[in-house]
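I have placed the structure first, in the form of structure tokens, so that the comments after it can refer back to it.
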Amino acid sequence: MKKWHTLCIVIVLVAAMPLISHAQGSKKLRVLVTTDIEADPDDSESLVRFLTYSNQWDVEGLIATTSIHQKTRVAPESILAILEAYKKVQPNLLKHEKGFPSFLKLQGKVKQGLPVYGMDGVGKGHDSQGSEWIVKVLEKPDDRPLWVCVWGGTNCLAQALWKIKETVPAEKAANLYKKLRIYTISDQDDSGPWIRNTFPGLFFICSPGYGYGNATWRGISFAMPGSNKDVVSNDWIAANIQQGHGPLGAVYPDVAYGMEGDTPSFLGLISNGLNDPEHPDYGGWGGRYNYYTPPLSTEPDLIKSPGWPVALPEKGPLWTNAEDSVCSTIDKAWHKNEQATIWRWREEYQNDFAARMAWTTKPYNQANHPPVVKLGHPDHFTVKSGQRFHLSAKGSFDPDGDSLSYLWFQYPEAGTYKILYFTPYAANLYDEQVTAPVVSSPQTIHFILKVTDKGTPRLTRYKRVIVTVVP
């Protein structure tokens with residue numbers, strides 16, 4: 001225990017600096033959102049954050065749907081109201097980064113599903129504006145995957161898949177299914193399990209089952225041992241997002257049950273150098289997920305609404321809950337659970353959002369912008385057992401001229417070598433000397449470089465370096 005206590009202290013002392021960056025290619029991701037907006041204020045909150053990153057993606061749709069919490073109503077007008085606020089700040093956002101889509105472009109992609117709950121809205125005669133739009137987007141002559149972020153029930157997506165299955169030749173349909181990347185915020189109706197059982201092999205991220213108590217996404221803001229509660233408090237939100245942050249901040253509602261429960265569906269799609277969307281097991285702002293067939297949970301779930309369907313066993317694997325072991329800077333103790341895969345980054349993603357909200361009103365020279373992280377070597381390389389090598393952040397810089405802090409650390413859960421064997425000797429070493437462990441078979445080790453500036457708020461970007469160690 002003494003050894004682990006010492007290791008925890010070392011990590012805490014050194015963890016005063018954020019961020020990574022591993023470019024995810026020049027092509028933007030295609031992203032489509034379905035939302036039970038108005039069932040809970042958190043969908044509106046997530047939409048505000050989503051729009052401040054909308055230049056990073058090709059936004060393919062914003063579709064209003066139902067859920068267990070809102071069975072007979074859809075509210076596209078609420079999406080449009082937030083877009084009206086975005087319209088007023090979009091010109092200022094463009095002063096900070098290129099590519100923010102126009103109001104008119106986004107307005108044309110607002111659609112709605114049927115005001116019907118779950119599987120009652122799937123099958124013959126249940127096509128909707130929203131489900132037809134999903135089919136149309138999938139059938140575009142575009143080879144890029146389509147990321148579908150599901151914030152409520154999945155019946156609109158389920159209907160689109162049903163329609164493809166019934167009307168499209170099997171070979172073409174299979175190619176359309178391969179394009180899908182689905183992240184659902186738990187199962188909020190009975191069509192999610194139907195999708196997974198009817199279309200096995202889909203790229204599907206979910207904490208399955210009905211009830212939220214053990215879901216990974218709760219790490220976004222819920223108060224958990226070791227997590228930073230201050231940066232998701234009402235006071236922090238008022239100061240950094242709502243008050244004095246223009247029209248878009250003004251439409252960010254107060255928190256009811258929990259802040260932005262739907263945001264993890266797209267946090268992992270933000271290009272920050274840490275996230276790698278095609279590898280949910282690598283971990284990032286949106287959490288970390290392993291690919292397996294989860295057992296049916298028998299644990300009591302206190303976060304569950306009356307009227308949920310009966311949970312059924314999964315018939316095949318999906319990307320689902322995985323645990324990280326994190327030494328918290330808050331209580332200086334180790335915590336191992338699914339939610340830690342998200343809350344470990346909480347200060348970084350909250351600061352990043354705060355900075356982008358400042359972009360909605362401030363000129364470029366009065367706002368902070370993230371550092372640009374560089375490496376003095378490739379982001380993948382191979383070494384032999386026991387070999388000494390260097391990790392270098394050579395060339396990293398800040399566009400605002402801010403000073404930078406550096407931290408290299410190992411992410412053992414992300415690699416095949418699961419032993420935490422490397423901890424930095426000191427903070428702020430942009431060049432770190434490392435000795436490879438002795439292995440009897442090839443192993444991958446993930447090293448993360450966090451580079452944090454000293455602007456306000458402090459912003460972090462990352463680089464991930466994957467080192468293969470061979471005997």
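Descriptive notes on the structure:
- Long-range amide H partners of LYS111 with built H, under 5 Å: LEU62, ILE63, ALA64
- Helix 76-93 vs. the chain, principal-axis angle (Cα, 0 to 90°, nearest 10): 40 degrees
- Electrostatic dipole magnitude of the chain [Cβ: Lys, Arg +1; Asp, Glu -1; Cα centre; debye, to 20]: 1180 debye
- Sorted largest first, extent of the stretch 296-404 alpha carbons per principal axis (Å): 56, 52, 32
- Ranked by the mean number of other Cβ atoms within 10 Å of their residues, highest first, the peptides 31-38, 464-471, 235-242 fall in the order 31-38, 464-471, 235-242.
- Once the mean of 1/r is taken over each pair of separate Cα atoms and inverted, the chain shows a Kirkwood hydrodynamic radius of 22.9 Å.
- The long axis of helix 155-167 is offset from the longest Cα principal axis of the chain by roughly 70 degrees.
- Three semi-axes of the equivalent ellipsoid, the stretch 176-219, Cα gyration tensor, whole Å, largest first: 20, 12, 7
- Size of charge dipole - the stretch 80-174 - debye, nearest 20, with Cβ of Lys, Arg +1 and Asp, Glu -1, no other charges: 400 debye
- In the stretch 412-471 the Cα-Cα distances spread across 5 Å bins starting at 0 as 4, 15, 24, 22, 16, 10, 6, 3, 1, 0 percent of all pairs.
- Of the residues PRO399, THR423, SER441, the one whose Cα sits farthest toward the positive end of the charge dipole of the stretch 331-459, with +1 on the Cβ of Lys and Arg and -1 on the Cβ of Asp and Glu, is SER441.
- Under a 5 Å amide H cut-off, with hydrogens placed 1.01 Å from N, ASP36 pairs with THR65, TRP151, GLY152, GLY153 among residues at least 5 apart or on other chains.
- Per residue value of the accessible surface for the stretch 34-173 (all protein chains in place, 1.4 Å probe), Å²: 37 Å²
- Per-residue Karplus couplings for the stretch 222-232, computed as 6.51 cos²θ - 1.76 cosθ + 1.60 with θ equal to phi - 60°, are listed in order as 5, 6, 9, x, x, 7, 7, 7, 5, 7, 10 Hz, Gly and Pro entered as x.
- The portion of the accessible surface of the chain made up by carbon and sulfur, rounded to a whole percent, is 55 (1.4 Å probe; DNA, RNA and ligands excluded).
- Relative to the longest principal axis of the Cα atoms of the chain, the long axis of helix 41-52 lies at roughly 60 degrees.
- Along the axis of the charge dipole computed for the chain (Cβ charges of +1 for Lys and Arg, -1 for Asp and Glu, origin at the Cα centre), the listed residues TYR257, LEU296, LEU138 are led at the positive end by LEU138.
- Computed from backbone phi with θ = phi - 60° and the Karplus coefficients 6.51, -1.76 and 1.60, the 3J(HN,Hα) list for the stretch 196-212 is 5, 7, 7, 10, x, x, 4, 6, 9, 10, 6, 9, x, x, 9, x, 10 Hz; x is used for glycine and proline.
- When only the Cβ of Lys, Arg, Asp and Glu is charged (+1, +1, -1, -1), the dipole of the stretch 31-143 relative to its Cα centre reaches about 380 debye.
- Per-residue 3J(HN,Hα) values for the stretch 168-183, derived from phi via the Karplus relation 6.51 cos²θ - 1.76 cosθ + 1.60 with θ = phi - 60°, read 10, x, 4, 5, 5, 4, 4, 5, 5, 4, 5, 6, 6, 10, 10, 10 Hz in sequence order (x marks Gly and Pro).
- Furthest towards positive pole of dipole, VAL231, ALA39, THR72, structure part the chain, Cβ charges: VAL231
- Per-pair calculated FRET efficiency, R0 = 51 Å: ASP120 and LYS454 via Cβ, rounded to 0.05: 0.40
- Residues whose amide H lies under 5 Å from that of LEU459, counting only those 5 or more places away or on a different chain, are ASP453; hydrogens are built 1.01 Å from N in the peptide plane.
- Values of log10 I(q)/I(0) for the stretch 346-430 across q = 0.15 Å⁻¹ run -0.78, by the Debye formula with one identical scatterer at each alpha carbon and no solvent.
- Cα Rg, Dmax (largest Cα-Cα span) when computed across the stretch 217-333, Å: 17.1, 50
- Near ASP189: Cβ cut-off under 11 Å, other residues only, Lys/Arg at +1 and Asp/Glu at -1. The net charge is -3.
- Probe 1.4 Å, protein heavy atoms only - accessible area per residue of the stretch 268-368 in square angstrom: 44 Å²
- Based on protein heavy atoms only, the stretch 410-456 ends up with 45 Å² per residue of surface accessible to a 1.4 Å probe.
- Over 27 Å apart at the Cα level, from the set LYS332/LYS463; LYS172/LYS315; LYS111/LYS179; LYS95/LYS229; LYS418/LYS450; LYS140/LYS163, are LYS95/LYS229.
The values are calculated or read from the model by the stated rules, or taken from the named source; none is laboratory data. This one's a predicted model, so the numbers in the text were calculated from it and none came from an experiment. All Cβ positions, even for glycine, are placed from backbone atoms using ideal geometry, and neighbour counts span all protein chains on display. Remember, those area values only see protein heavy atoms, side chains included, never the ligands or the DNA or RNA. Shrake-Rupley method; radii C 1.70, N 1.55, O 1.52, S 1.80 Å.
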